[in-house]
Structure formats: C-alpha cells, structure tokens
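In what follows, a structure is listed as structure tokens, so that the remarks can point back to it.
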Amino acid sequence: MQSIFAKNGSETREPVKAQMKGSIPSWLQGTLVRNGPGLFSVGNSEYNHWFDGMSLIHSFTFSNGEVSYRSKFLKSDTYKRNIKADRIIVSEFGTMIYPDPCKNIFSRAFTHLSNVIPDFTDNNLINIIRYGQDYYASSEVNYMNQIDPATLETVGKINYRNHIALNLATAHPHYDDEGNTYNMGTAIMGFGRPKYVIFKVPAEASDKEHQKPALRKVQQVCSIPFRSTLFPSYFHSFGMTDNYIVFVEQPFKLDIVKLATAYFRGVNWGSCLKFDENDITLFHIINRKTGKEVSMRFYGDALVVFHHINAYEDNGHVVFDLISYNNSNLYEMFYIKNMKQETSSFIESNKSFSPPVCKRFVLPLSVHKESPRGSNLVTLTDTTAQAVVQEDGSVYCQPDTLFEGLELPGINYNFNAKKYRYFYGSRVEWSPHPNKIAKIDIVTRKHIEWRQENCFPSEPVFVGSPGAVEEDDGVILSSVISPDPNISPFMLVLNAKNFEEIARASIPASVHMDLHGYFIPAAVNQHSS
C-alpha cells in the first residue's frame, strides 16, 4: 500500500491536457509549481529515506477553464552525477555513500578529509521559493537550483554562501505585502561565532537582463547566538507578524561534532539530530525593522516543530500557531523500509508516533521586570493560552490546543502575519500519508473534510477569488494520487467555503506525491517568461 509513495516517478516533458469534470472558475489563471522526491533508486542502488529521493518538479497550469500538466527532474549536480554513474554516489540526509574501495589510497584519503565539513547535496526537493522574480527549488542546505517556472528547466545552481554566510537555510520563507522575501538560516562552520541569521531579499532584486541573482541584494536583518554552541536547534520554518519575526529554538538539535564525524562513524546525517525531552523550548521575538530582540525570556515545554501555521499581533500580544510533536519520531516514519510495510503492521510499529497537534502560543509584550509573579498575563479572551511570570522574571508559556491530527498547513496567504480564522491541511491519523484534507475554523473549533476512498491528496493550496473580502472566498487545490489503477491522478478543485468539489482534472500521466509548492498567478507568469 505504501509503496506507491516510494516508487520511481517519470517525467512528462511536454505539457499534457487534463480531462475535465465539473468546471474551473474562469478567474483561476496561473501555474501551481510543486516539488518533492521522485526518484528513489538509481541502477542497483536505493535510498534509505523518503526525504532522500531526487527532486521531481511538476506543474499544473490553469488557463481558461483547462488544466495542463508537466514534470521534469531537477537537473541538479547530484542528479547528473548519479545518473552518469548509474548508481547513487552523492550522500543524502538518510543515506551515507562511501567511495569505491578500489580507488587508490590518495584519492581515498582526500575523500575522507573533504567529508569533515560536509559539502551537502544540491538535491533540492522540499519547496519552490521566490527571491525577487527568481524561482528556486530548495531544501535546507546552502545550495539552491534556479528553475524556469514555465518550462520547469533547471537554470543553474546557486550557493547562498557566495552572498551571505550560511551553512543551512529554510525552505519556508515569508513574503510581505511589497513582495520582499524573509528567510532564516544557520551559520555553523567557518563563519566566526555560530549563530542563527534572519535575512531579507528585496522585491526588486532580480536583474533578468544581466542574469544576476536576486540574492546578491540580500540584507541581514539580525543574528541570534546559539544557546548551546555545539548543539544548534533544528528549524524548518518560522513565524512572521507585521513587526516581528518569531523563532522557536526547540530542543530538537543538530549535534555538530557528530555531523562533522558522521562520515567516519558510518552514520547518516539524519542520525545527527537529537531531541532532548528534558530541555525547554525558547521563543525569540525579533523586531523585523530594527533587528533587535524583545528582551524578555519566553520559554515553554520541550516540543518538536516543523511547520508554523501563522502569526500576528493582537492587543499587545504576539500570537503564533504551529504544529508540534512531543518527540522526533516523525523522521523515523519516513525511512522507506517503514513506508513499505502493510497498513496494519505500519500502524502497529508506529504506535510510538506522536500525533501532530496544532497549538497556539500567546506572548504578552507588556511584560516588564515588575510584572506580578505567578499570574497569567494573557488578556486575550479568545484563547486559553497562558504566559506566567516566574520568580526569576522569565515567562513560562503554555499553549492552547487548536486541533489534533493535521500537517502541511496552509492559509489564505493574504492573511499571513494578520489575525485570521481558517487554516487548511492534510489530516494525519494513523500514517504519515494523508488520506483526507481539512479546513479548520479557529473561532468555532470545528472542521470539515474532503476524502475519497483509496485516494491520497497532497498539501492543500488556497487561491483567493479576485477582489475577495472574506478570508475563505476562493478555491483549494490539491493533486490526488491513488494505488487503484482505475483512478488516474487528478487535480482537485474545492470551494474553500464548504469543501464541495467544483472540478477535477484527470491527468493522463504519472504523478508523484509531493511536499510543497508555490502558486504563480498568470500575470506574473507572462511577465517572467
């Protein structure tokens, strides 16, 4: 059952037209470009982990009520080297590769030395992100690959380190109303004191004419020192409000010494992540205009977080919603040997899996040194989240649970950094593979779902109606695959208000399960091509 997720995908190099059922709103014009792992073996060699698969980028173009589909492998250096060798020769997150033992001693010694500071793979399989008018396939390392969103061709590799001192950067940036991009990364080795870095790329940074990358205009907003030099917090995303960046420094940490010696010890990079359940989680609130951090020490219980949902300011508080786990077993679930189990044994062997819980934290900005000890300083009436000043003046924050069993969250992005009511996501109940998508109403705490027997939808994407006033006036897009040979893959279009199906576009080609992506409205698309 799980094997449909880890089977090799194939390219659909020329656009194919989907077969329509129902009707797509005439205003829906643009291209949804999405990324995810699509090649899990090369020659006789196989990857160990689903997040190692080589990137396969696909796009769904909506034009005058029609949908066309195409897909291409990201032609990264990693892809080219593996295909040329007809086996996997570049190490990934969950698969460490060793050189051919027949090579002479000198080249072997050199290979060992060059693995002390890992030169990461450029297999960018997580998301599509925009800097200026440039679109990149990205993962969490210092390399990205620029793509042409119209043809899905790989334009070329770019190294963050040529523009800003970073070893790692997230694949989940934020975009403000002016079109500027904010992102966050980690400087570990070779860049002076280790730190987390928040940076901004201005909207007008691209120079198409001279083919100069938008990143050349990158500006550092601020940096935050690690609380423990050899154990930086792992982070996959962050929050942003009108005035602040929200960074959760969680006790899910990267062991730097282990990372530097992983190659010699015969372990993969994934095993260098450790969750310390006895530690605390720190919440950093940074003013995005001045780069200064709010001086209060806000903290909470140990948690693991990958995805933030949204953040905003309300009446002197910073409110942020995220999806948290009480352990780090999620990564274990995606080892391909675990994904290939039969459903029943999968459920049995993953009883220890901690379900994703959508939580709301509220941090009052009015706390000061004299604030009363032991009392809850949250004055908002629509949440049970608490922030209590401790004897030492630090603030202990306890969240309000919004919903249990949802991942890959999305919102109407016009409401990003603002007070909002709805979020959408993939329902995760007994398996890492969503078989339903849902809409959560934060005010009523109710939810609605879409599902179809034996169908697996991808992360839902909200696209708003033109001129919409209401937050949920628009459509939800999700590509759906099925192990049933009688159900061809399709692009599902739902009314975002009631989750009723408006249309589905059946695609006469193979479609793979993806991770994240970016919707490019048609006007922008023509502008860039």
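Things worth noting here:
- Taking the accessible area of the range 12-521, probe 1.4 Å, and keeping the other protein chains in place, the carbon and sulfur fraction comes to 50%.
- Cα→Cβ-extended label distance, 7 Å offset, between Y396 and K21, nm: 5.5 nm
- Calculated FRET efficiency, I502 to S41, Cβ-Cβ distance, R0 = 41 Å: about 0.60 to the nearest 0.05.
- Solvent-accessible area per residue for the chain (1.4 angstrom probe, square angstrom): 41 Å²
- Centre separation in Å (Cα based) which lies between the range 156-200 and the range 217-278: 13 Å
- Point-to-point label distance, D148-D382, nm (Cα→Cβ direction, 7 Å offset): 4.6 nm
- For the range 119-125, Karplus couplings with θ = phi - 60° (6.51, -1.76, 1.60), whole Hz, Gly/Pro x: 8, 5, 5, 9, 7, 8, 10
- Label positions at N162 and Y299, each projected 7 Å from the Cα along the C-beta direction, are separated by 4.2 nm.
- Across the alpha-carbon atoms of the range 420-462, the computed radius of gyration and Dmax are 10.8, 33 angstrom.
- Residue-averaged 222 nm ellipticity for the chain, from DSSP H runs of 4+ at -39500 (n - 2.57), nearest 500: -2500 deg cm²/dmol
- Percent of Cα-Cα distances greater than 19 Å, calculated over the range 377-459: 52 percent
The values are calculated or read from the model by the stated rules, or taken from the named source; none is laboratory data. Because the structure is a prediction, the values reported are computed rather than measured. With ideal geometry, Cβ positions are generated from the backbone for all residues, glycine too; neighbour counts draw on all protein chains shown. When the accessible area is computed, the model is the full protein with side chains, heavy atoms only, and any ligands, DNA or RNA have been set aside. Shrake-Rupley method; radii C 1.70, N 1.55, O 1.52, S 1.80 Å.
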